[in-house]
Amino acid sequence: MKMVKLSDRLSLSVLVQGFWRLKSWEMTTKELTDYMNLCIEKGVTSFDTAEIYSDTLCEKLMGEAFEQDKTIRNKIQLISKTGIFAEEINGRRFGYYNTSYDRILQSCKESLQRLKTDYLDLYLIHREDPCFDPWETARALKELKKEGLVKEVGVSNFDPFKFDALNKAMGGELVTNQIEWNPICFEHFNSGMMDYLTVNKIHPMIWSPLAGGKLFKGEEEHCKKALEKLKEIAGRHGEEAETIIYAWLMYHPVGALPLLGSNKPKRLELALKALDVKLKHYEWYEIYTASGQQVLR
Ligand SMILES: NC(=O)c1ccc[n+]([C@@H]2O[C@H](COP(=O)([O-])OP(=O)(O)OC[C@H]3O[C@@H](n4cnc5c(N)ncnc54)[C@H](OP(=O)(O)O)[C@@H]3O)[C@@H](O)[C@H]2O)c1
């Protein structure tokens, strides 16, 4: 498996297993440790979760797996995130952000307890926070690194301005931005984030690379168009559309790390096959324009 160097202290497997949907997988702890071990055996050694996933349950279930099979934790790079909260306020559930110093320190320590580990390899601020003091957030992240509770820090879903603000306060220590990108989502191309990351040699992690499965439902016109083109290109390579999507993401010079969202071994295999696909340069643009959302000038 190709490892991507995010810093001198941290490299991640180019394909990262995501656990956001873990609750819906309804696995026993044994089934979960078996799946984690399968990922490790295939070289997918980086695992992604977050405090907010299923209201902390995702971290708790992963922690139970690490406790049941104590060999797993030392073989993986563990990533979690903080900053998004949801609670019952006056009888209604309300979601908001908190990237204050105290909250970040508390959240990280709670995540470590749930995950039954002493440290995280990578800790991310989950979303841009409009009520955000980059200096305060940076102070918390630096403190966590100093205490050895996290190896490296980064962000998720940040635009170039917010990334720059926090990275300035961090003295340039942010190692990634975890962003959405797939054949029907181009937000970070249009914001300039992709160019920002490429020129600064910062590798993004890519969430919902298959658009959360929406692409395959074919309910919306732009999904239908994208899928039709993906199947045509897949036919040329003797592969499936999913494999072509992962190959397309990894073709870009930014050096992206796609996150896998399923627990099905056959879908893991389809992702792994992408490592051997050689896309033609024009095929990258065929996919970029397929949904009709992006136009080449
Ligand atoms: N930072 C953030 O804000 C953020 C946001 C969202 C996600 N993430 C991370 O990114 C990871 C991946 O995101 P994701 O789960 O949305 O990834 P994804 O791969 O885009 O979507 C996975 C979903 O697509 C379905 N799917 C895959 N292939 C399919 C096919 N051929 N036909 C129909 N459905 C298909 C899967 O169903 P099956 O379960 O049946 O295989 C699963 O429900 C998450 O686990 C999480 O770690 C981060």
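What follows draws every value from the coordinates through simple rules; no lab data is involved. These numbers were taken from a predicted model, which means no experiment stands behind them. For neighbour counting, all protein chains shown are included, and Cβ atoms are generated from backbone atoms with ideal geometry for every residue, glycine included.
Of the residues that sit in the stretch 57-94 and are part of a helix (DSSP H, G or I) and acidic (D, E), which one is nearest to the chain's Cα centre (by Cα)? Give the steps one after another, and end with the answer.
Pass one, the stretch 57-94, residues part of a helix (DSSP H, G or I): 57-68, 73-75.
Still in the running and acidic (D, E): 59, 64, 67.
Working: E59: 15, E64: 22, E67: 24 Å.
Across the stretch 57-94, the extreme among qualifying residues is E59.
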Any hit, the stretch 210-229, residues being assigned to a helix (DSSP H, G or I), in contact with a Phe, Trp or Tyr (Cβ under 7 Å, 6 or more places away or on another chain) and within 13 Å of the ligand (Cβ to nearest atom) | yes
Name the pairs whose Cβ atoms lie under 6 Å apart, with the first residue in the stretch 44-56 and in contact (Cβ under 8 Å) with a residue 12 or more places away in the chain and in a loop (DSSP other than H, G, I, E, B), the second among the hydrophobic types (A, V, I, L, M, F, W, C) and within 12 Å of the ligand (Cβ to nearest atom), and 6 or more positions between them or separate chains?
-> V44/L15; T49/F19; T49/C58; T49/M62; I52/I84; Y53/W20
Selection from the stretch 3-43 of residues that are in a strand (DSSP E or B) and of a type in the set (G, A, S) = S11, S13, G18
Quick one: would you say A241 is of a type in the set (G, A, S), in contact with a helix residue (DSSP H, G or I) (Cβ under 7 Å, 6 or more places away or on another chain), within 15 Å of the ligand (Cβ to nearest atom) and free of Cβ contacts under 8 Å to residues at least 60 places away in the same chain?
-> yes
Residue pairs meeting the criteria (Cβ under 9 Å; at least 6 apart or on separate chains; first more than 20 Å from F189 (Cα to Cα), in the stretch 206-223; second within 6 Å of the ligand (Cβ to nearest atom) and charged (D, E, K, R)) = F216/E242
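Quick grid of which residues meet (1) part of a helix (DSSP H, G or I); (2) closer than 25 Å to P204 by Cβ:
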position: Y96; (1), (2): no, no
position: S111; (1), (2): yes, yes
position: T117; (1), (2): no, yes
position: Y123; (1), (2): no, yes
position: R127; (1), (2): no, yes
position: T137; (1), (2): yes, yes
position: A140; (1), (2): yes, yes
